[in-house]
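This report concerns only the one structure given below.
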Ligand SMILES: N[C@@H](CCC(=O)N[C@@H](CS)C(=O)NCC(=O)O)C(=O)O
């Protein structure tokens, strides 16, 4: 079928739509409060975050920038079309990428550490070297054990695999929660710090993606986990960088259906 500009309809599809225009694909701009925040940070700044609104790794860096009240520019990029400004920083063309003046870097955990090293009044990594090591250790647990399971579970089509991955994910989250401060509500206590921000995008996506697509349960009332989830959900920087529910439903349909051409790295 031809369109008015002569291009075939298929050529306009994103690769992950699998040739079917009725399939949902990732959003190309933020919505809701995240849209307002993106607009408020659209003017040229030395410190620039190249991000894609659906991406949880970008979400981490965006929460850090907001929480630390840094002066930055948010630049939305279509990560599957890999614009040159992104490839110039990250040859693999993945988001998030950060440009600071004529220097650039990537990898969400590295970028969060860079923002800490810039200083400022609000720190996510505390001064005590032992607490810093503790935070890094549990961030590593999130990256190594929780995130891969999130995607394995979301993409699993076999009901037996789904049961197994749900159980594995619950266990890895329970291990993380058992390392948290007893009272909370955040990982180290009253304030949001590094581990909370590392985990926050997946806390949001457990509710907005795994719950509708796979029936992930609400946290049990009165548990330490529930207290943590609510503290993260109600945090200002988290709220200001989170889009409306529909964006996550649409952007993750391709994972839930385990289509081809989803991200090379997340799974
Ligand atoms: N380990 C990376 C993962 C980044 C990542 O997987 N980003 C995805 C979007 S959420 C991406 O850029 N995908 C593009 C692609 O796979 O080509 C980080 O922590 O920053």
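Across 125, 247, 87, mean-square fluctuation computed from a Gaussian network of the chain (C-alpha pairs under 10 Å connected) peaks at 87. Between residue 131 and residue 102, residue separation times 0.36 nm minus the direct Cα-Cα distance comes to 7.2 nm. If a spin label sat at a point 7 angstrom from the Cα of residue 236 along the line to its beta carbon, the backbone N atoms of the stretch 30-55 nearer than 20 Å would be those of 32-42.
Checking the a/c ratio against 1.5 first, then a/b against b/c, what shape does the Cα gyration tensor give for the stretch 96-153? List each step's numbers first, then the result.
Working: a/c = 3.15, a/b = 1.22, b/c = 2.58.
Oblate, because a/c is 1.5 or more while a/b does not exceed b/c.
When each of the peptides 93-100, 216-223 is scored by how many other beta carbons lie within 10 Å of its residues on average, the order from highest to lowest is 93-100, 216-223.
This ranking places 42, 108, 139, 123 by how few other beta-carbon atoms lie within 10 Å of each, fewest first, which gives 42, 123, 139, 108. By its C-alpha gyration tensor, with a ≥ b ≥ c as the square roots of the eigenvalues, how is the chain shaped: rounded for a/c under 1.5, else prolate for a/b larger than b/c, else oblate? The shape class here is oblate.
Does the stretch 60-165 classify as rounded, prolate or oblate by the C-alpha gyration tensor (a ≥ b ≥ c root eigenvalues; a/c under 1.5 gives rounded; else a/b over b/c gives prolate, otherwise oblate)? Because a/c hits 1.5 or more and a/b fails to exceed b/c, the stretch 60-165 counts as oblate. Note on residue 163 and residue 70: with the Förster distance fixed at 41 Å, the Cβ-Cβ geometry gives a FRET efficiency of about 0.45.
Could you state the per residue volume, in Å³, of the convex hull enclosing the Cα atoms of the stretch 129-234? Kindly include the intermediate steps, with their values, before the conclusion.
On the way: hull volume 9.4 nm³, N = 106.
So the per-residue Cα hull volume is 89 Å³.
With Cα atoms as the point set, the stretch 1-123 shows a radius of gyration and Dmax of 16.5, 57 Å.
Full extension from residue 20 to residue 179: what is 0.36 nm times the residue separation minus their Cα-Cα distance, to one decimal in nm?
Between residue 20 and residue 179, full extension yields an extra 52.7 nm.
Just so you know, all these numbers are worked out from the coordinates, no wet-lab data involved. As the structure is a computational prediction, the values presented were derived from the model and not from experiment. Please note: Cβ atoms are built from the backbone with ideal geometry, for glycine as well, and neighbour counts cover all protein chains shown.
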